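Structure, as structure tokens:
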2 protein chains.
Amino acid sequence: MTTTAAAPADTTTYDTDLVLAAADAAAPVLAAQEGAERARWMRTVAAAVDEHRAELLDLAVAETCLPRAALDVEVTRTVFQLQHLADRAASPELLDLVVEEADADYPVAPRPALVRAALPIGPVLVFTASNFPFAFSVVGNDTASAWAAGCPVVVKGNPGHPQLSRRTFEVAVAALRKAGAPDGTLGHLTGVAAGTAALVDGRIRACGFTGSLAGGRVLFDLAVGRPDPIPFFGELASLNPVYVTPAAAQARVAEIAAGFAASVTGRGGQLCTKPGVLFAPAGSGLAAAAAAAMSPDDVDLLTDRIAHAYQEGVKALAALPGATVHAGGAATQAALVTIPAAEILFGAVTLEECFGPAAVVVEYDDPADLTALADRIDGALTATVHGEPADPVAAALVPALTERVGRVIWNGWPTGVAVTRALHHGGPYPASTAPSSTSIGADAARRWQRPVTFQNWPAALLPGPVRTALTRSAGRRG
Amino acid sequence: MTTTAAAPADTTTYDTDLVLAAADAAAPVLAAQEGAERARWMRTVAAAVDEHRAELLDLAVAETCLPRAALDVEVTRTVFQLQHLADRAASPELLDLVVEEADADYPVAPRPALVRAALPIGPVLVFTASNFPFAFSVVGNDTASAWAAGCPVVVKGNPGHPQLSRRTFEVAVAALRKAGAPDGTLGHLTGVAAGTAALVDGRIRACGFTGSLAGGRVLFDLAVGRPDPIPFFGELASLNPVYVTPAAAQARVAEIAAGFAASVTGRGGQLCTKPGVLFAPAGSGLAAAAAAAMSPDDVDLLTDRIAHAYQEGVKALAALPGATVHAGGAATQAALVTIPAAEILFGAVTLEECFGPAAVVVEYDDPADLTALADRIDGALTATVHGEPADPVAAALVPALTERVGRVIWNGWPTGVAVTRALHHGGPYPASTAPSSTSIGADAARRWQRPVTFQNWPAALLPGPVRTALTRSAGRRG
């Protein structure tokens, strides 16, 4: 990690209060705004990020060790995410409107006239991720989805890319002003003290987080420990297990090994969907083939802190009972170790995510053990099965996998996540602190909405966007 | 409170484990079952409750002090809720299915074929309420909605109606067996130790609670303090403020006073939607008129504990700064006190829910203060406005109210809740620990579901209900 200038100073208590006050003041203004209007200024922000692409990429390259080409694709993705969620903001679906007429004969008791609409939850605090300095940072998924819902956002900048964070904020604010969005639509904080102070401040109504298990749990505990606990949508850690059946190993072990090595090491293994464990038949040679496909070069990780944690993690993997080290003996290289399944089934081994280009291959003798092995994996974002048509080993795994992950993948790899509605990105803890929510795709906006029912309520007193939607749906009916 | 026999003994640690193991074993069976099949056995349970109405009512009358007529309506409501949620179980809407074809030209990167479906979250623990011994108890809303979603339920029986709880469980289990539902579909625990042990057990994947702020917060803290925190859907406390504009007071003060008195005292004031505070113009005479409409008889409350807490609550209301006691001097009667708005705006008065037939009338001099007063109220299930057509005082209140409650009511009363989809029953803390969720109506089932995405997944390996839904929707397309 190289920084190009002095890091921005931590936000003072005084300035943190100003940022929160601005978000609080913006909340009713955004809530009264039509979704289509928000979509317009979200697209202006997307265009501004695209316009400043070269300048922002320079900062990102200097601060993150990630290759420029990968960062360039990430900017494209970030621009698309803003547009995708702008579409949601402008969609009639956003309000999830339910309209019921009064019914004197309704079961149990007469029913009044009811209109239910999903309204913005209020100012949202976003803790940004180190590994996606654009797509999960200042104007990333959490921010874009909160804006789509109609919420002002206060971002806590990531210390892994402080200059980029600050500059992205400036670019976004200039675009928001140009487009006429209210002041306070986006705020920016630097430093742990400012972030935690904001998290326990009454003006913040929900929080999004993408990062480590340790850091995320501290923040989750603060959010739920408030006198008035707030929803905390945190994505913390995921092992993303891969299950290779004997039939699949027999049919295409080289292809699976190569795909696994690429998925483990892509982007330095610093992806929330990196496969951290693969279950392979003993004697298939899969681990050795995958290790051979991994580069022996030293790896460049996002920050010194992550590099240090990675080295400790690799040492821990090599020290697992029964471990054989196939790659990564130096702890600064991509790493692959194997352990026998018996160490998990009968030993005390619990596998945990090692952030970076490292993975464990668990070698099993009896395919009948696979389901029991699947039951030992914590909640995860994904699980992948490599199987063959009419493969009974694969079929037996399905209930255990669907029970504990958010996405199951057939004969592919969990890395490379499509930004689309049908892709759920979440899962039971520690994959997510809110397993029913997704942090990617249009439905990510649902996290920042709260239904409100209007009972026998005069149309003139409905929030503007609800009134507009009702008028439109009445027009469609008539 | 009178009990007719010895209370059931607390569930032992050994038996608690058996109950949890049965729920855990039932989870994959229910998850593989078609929603229509669950709907069938849910309707069988509804019919069984109806058949045993007289016997169950006898127990409820003996244990709760609630009038038989009110309990009889509640049984009808409980039967309807089971049917309403059975309809949801059988509806194609249950799975919230999103299907996307593979798209090589999708923005940023090619998109694989994706199917997203809302699947059951796993075994659910339900802490039942004292104030609705049927509708929020063993086969009440939480249980019915979890079944609709496809989750086994373990109920922690309420100590306010132990015999009824146990007997309802027996009736329901007999019906479930008759209808062919798997063992473990419903479990029952007695005692605080069993309930808290279940709450922190890894086999329980989510929890529902309806009850007091103090008790609910203890359980919420346990749920989010687990090594693997789980979603906790708790409904804890709500002031349900009522705002009467000067124009409304002038037009119909007697009608509003009578309605308020009835809403405060109905069912002994033991409703989560009881209006606990009303804001009225000073000098309108509304408080005196409402007090005059309240019975001076001693009130019968659900349990000795609730009666004791009520007496303490009424004393606290009478001791508020500037308080005038209009009704309830004896602390065993329905109670109404007034305080001047200045005590809230400039003093240190924070209003809290007093469970039982008691309320505060806050008298304001300047209607311009109403919005500031509304900002001092915690999150609530409801807020009610009594206003006149084109009433500017009412219009000014709307943003503050929609920001902090789940349902707003015009010229009516918050008590009397319709079981229907458009009625959202929830709100910011302490009304709910999960403000985006509802505990009443068809969408209550969403609390117990978790989306899972199937990527390039063979149709033959999809969970049965997803496969069925896909086949049907393909049929509709073709």
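The values are calculated or read from the model by the stated rules, or taken from the named source; none is laboratory data. Since this is a predicted model, take the numbers as computed values, not measurements. FYI the Cβ positions are ideal-geometry reconstructions off the backbone, even for glycines, and counts take in every protein chain you see. Note: areas computed on protein heavy atoms with side chains; ligands, DNA, RNA excluded. Shrake-Rupley method; radii C 1.70, N 1.55, O 1.52, S 1.80 Å.
Name the residue that is nearest to the other protein chains (Cβ to nearest Cβ), counting only residues in segment B:445-460 that are over 21 Å from B:R111 (Cα atoms), of a type in the set (A, V, I, L, M, F, W, C) and touching a residue at least 60 places away in the same chain (Cβ under 8 Å). Explain how you work it out, then say what you get.
Step one: filter segment B:445-460 for residues over 21 Å from B:R111 (Cα atoms), giving B:445-450, B:460.
Now drop any that are not of a type in the set (A, V, I, L, M, F, W, C), which leaves B:445, B:448, B:460.
In the following step, the residues that additionally are touching a residue at least 60 places away in the same chain (Cβ under 8 Å) were identified as B:445, B:448.
Numbers: B:A445: 12, B:W448: 9 Å.
Restricting to residues being over 21 Å from B:R111 (Cα atoms), of a type in the set (A, V, I, L, M, F, W, C) and touching a residue at least 60 places away in the same chain (Cβ under 8 Å), the top hit is B:W448.
Checked against (1) under 23 Å from A:R68 (Cα atoms); (2) part of a loop (DSSP other than H, G, I, E, B), A:D183 passes all but condition (1). Selection of helices (runs of 4 or more DSSP H) fully inside segment A:1-103 by the criterion of at least 1 residues being open to solvent by less than 50 Å² (accessible area, probe 1.4 Å) and more than 28 Å from A:R203 (Cα to Cα) returns A:35-51, A:53-64, A:68-90. Scanning segment A:237-273 for residues that are open to solvent by 10 Å² or more (accessible area, probe 1.4 Å) and assigned to a loop (DSSP other than H, G, I, E, B) turns up A:A237, A:L239, A:L271, A:C272. If you go through segment B:296-311 and pick out every residue that is open to solvent by less than 90 Å² (accessible area, probe 1.4 Å) and assigned to a helix (DSSP H, G or I), you end up with 5. In segment B:118-131, of all residues being open to solvent by less than 20 Å² (accessible area, probe 1.4 Å) and outside any strand (DSSP E or B), the one that is farthest from the other protein chains (Cβ to nearest Cβ) corresponds to B:T128. Taken over segment A:382-392, the criterion of being in contact with a strand residue (DSSP E or B) (Cβ under 8 Å, 6 or more places away or on another chain) and either more than 9 Å from chain B (Cβ to nearest Cβ) or closer than 15 Å to B:A460 by Cβ (or both) is satisfied by A:A383, A:V385, A:H386, A:G387. Scanning segment A:418-425 for any residue that is under 30 Å from B:A109 (Cβ atoms) and in the same structural domain as A:A291 (by TED's automatic domain parsing) turns up nothing.
Consider segment A:437-461. How many of its residues are within 20 Å of B:V242 (Cβ to Cβ) and either open to solvent by less than 10 Å² (accessible area, probe 1.4 Å) or at pLDDT below 95 (or both)? Explain how you work it out, then say what you get.
Kept after step one, since they are within 20 Å of B:V242 (Cβ to Cβ), are these residues of segment A:437-461: A:452-458, A:461.
Filter once more, keeping what is either open to solvent by less than 10 Å² (accessible area, probe 1.4 Å) or at pLDDT below 95 (or both): A:452-454.
Going through segment A:437-461 one residue at a time, the tally reaches 3.
Check segment B:356-374 and report whether any residue there is of a type in the set (F, W, Y) and at pLDDT below 95. Can you show your working first?
First pass over segment B:356-374, keeping only residues of a type in the set (F, W, Y): B:364.
With at pLDDT below 95 added as a condition, the list becomes none.
No, there is no match, as no residue in segment B:356-374 is of a type in the set (F, W, Y) and at pLDDT below 95.
Restricting attention to segment A:345-367, which residues are open to solvent by 10 Å² or more (accessible area, probe 1.4 Å), aliphatic (A, V, I, L, M) and in contact with a helix residue (DSSP H, G or I) (Cβ under 8 Å, 6 or more places away or on another chain)?
Within segment A:345-367, the first condition is being open to solvent by 10 Å² or more (accessible area, probe 1.4 Å), and the residues that meet it are A:345-355, A:363, A:365-367.
Filter once more, so that each one left must be aliphatic (A, V, I, L, M): A:345, A:348-349, A:351.
Within segment A:345-367, A:L345, A:V349, A:L351 meet the criteria.
Residues that are at positive phi and either in the same structural domain as A:V325 (by TED's automatic domain parsing) or assigned to a helix (DSSP H, G or I) (or both): does segment A:277-295 have at least one? Looking for residues that are at positive phi and either in the same structural domain as A:V325 (by TED's automatic domain parsing) or assigned to a helix (DSSP H, G or I) (or both), one finds at least one in segment A:277-295, hence yes.
Here B:S439 meets each of (1) within 20 Å of B:R38 (Cβ to Cβ); (2) at the interface with chain A (Cβ under 8 Å from one of its Cβ atoms); (3) part of a loop (DSSP other than H, G, I, E, B) with one exception, condition (2).
Just checking, does segment A:201-210 include any residue being free of Cβ contacts under 8 Å to residues at least 40 places away in the same chain and under 24 Å from the mean Cα position of the chain (by Cα)? No, there is no match, as no residue in segment A:201-210 is free of Cβ contacts under 8 Å to residues at least 40 places away in the same chain and under 24 Å from the mean Cα position of the chain (by Cα). Given the structure, is A:R267 within 14 Å of chain B (Cβ to nearest Cβ) and either modelled with pLDDT under 95 or over 23 Å from the mean Cα position of the chain (by Cα) (or both)? The answer is yes for A:R267.
Report whether or not B:G140 is closer than 28 Å to B:A36 by Cα, out of contact with any Phe, Trp or Tyr (no Cβ under 6 Å at 6 or more places or on another chain) and within 14 Å of another protein chain (Cβ to nearest Cβ). Judged against the criteria, B:G140 is a match.
For segment A:320-346, residues that are farther than 22 Å from A:A374 by Cα and of a type outside the set (S, T, Y) total 10. In segment B:398-405, the condition of being open to solvent by less than 10 Å² (accessible area, probe 1.4 Å), under 20 Å from A:G122 (Cα atoms) and within 8 Å of chain A (Cβ to nearest Cβ) is met by at least one residue.
The single residue among B:V398, B:V385, B:V466 that is over 18 Å from the mean Cα position of the chain (by Cα), closer than 27 Å to A:T438 by Cβ and among the aliphatic types (A, V, I, L, M) turns out to be B:V466. Contact map, segment A:71-88: first residue among the charged types (D, E, K, R), second residue modelled with pLDDT under 95 and open to solvent by 20 Å² or more (accessible area, probe 1.4 Å), Cβ cut-off under 7 Å, separation 6 or more or different chains; pairs are A:R77/B:V108. Taking each residue of segment A:92-117 that is within 8 Å of chain B (Cβ to nearest Cβ) and looking for partners that are among the hydroxyl-bearing types (S, T, Y) and buried (at least 20 other Cβ atoms within 10 Å of the Cβ) with beta-carbon atoms closer than 8 Å, six or more apart or interchain, yields A:E100/B:T420; A:Y106/B:T420; A:R111/B:T420; A:L114/A:T453; A:L114/B:T420; A:V115/A:T453; A:R116/A:T453.
Can you pull out every residue in segment A:368-381 that is open to solvent by less than 50 Å² (accessible area, probe 1.4 Å) and within 12 Å of chain B (Cβ to nearest Cβ)?
Kept after step one, since they are open to solvent by less than 50 Å² (accessible area, probe 1.4 Å), are these residues of segment A:368-381: A:370-374, A:377, A:379-381.
If the condition is that a residue be open to solvent by less than 50 Å² (accessible area, probe 1.4 Å) and within 12 Å of chain B (Cβ to nearest Cβ), then A:T371, A:G379, A:A380, A:L381 are the ones that fit.
Of all the residues in segment A:193-229, those that are within 14 Å of another protein chain (Cβ to nearest Cβ), surrounded by fewer than 15 Cβ atoms within 10 Å (Cβ to Cβ), part of a helix (DSSP H, G or I) and not aliphatic (A, V, I, L, M) number 2. Scanning for something more than 9 Å from chain B (Cβ to nearest Cβ), among the aliphatic types (A, V, I, L, M), touching a residue at least 12 places away in the same chain (Cβ under 8 Å) and surrounded by 24 or more Cβ atoms within 10 Å (Cβ to Cβ), does segment A:421-435 turn up at least one residue? Within segment A:421-435, one or more residues are more than 9 Å from chain B (Cβ to nearest Cβ), among the aliphatic types (A, V, I, L, M), touching a residue at least 12 places away in the same chain (Cβ under 8 Å) and surrounded by 24 or more Cβ atoms within 10 Å (Cβ to Cβ).
Restricting to segment A:145-176, give me the number of residues that are more than 14 Å from chain B (Cβ to nearest Cβ), in a helix (DSSP H, G or I) and in contact (Cβ under 8 Å) with a residue 12 or more places away in the chain. Write out each step before concluding.
Kept after step one, since they are more than 14 Å from chain B (Cβ to nearest Cβ), are these residues of segment A:145-176: A:147-148, A:153-176.
Of the ones still in play, those that are also in a helix (DSSP H, G or I) are A:147-148, A:162-176.
Right, trim to in contact (Cβ under 8 Å) with a residue 12 or more places away in the chain and you get A:147-148, A:162-169, A:171-176.
Adding up the residues that qualify gives 16.
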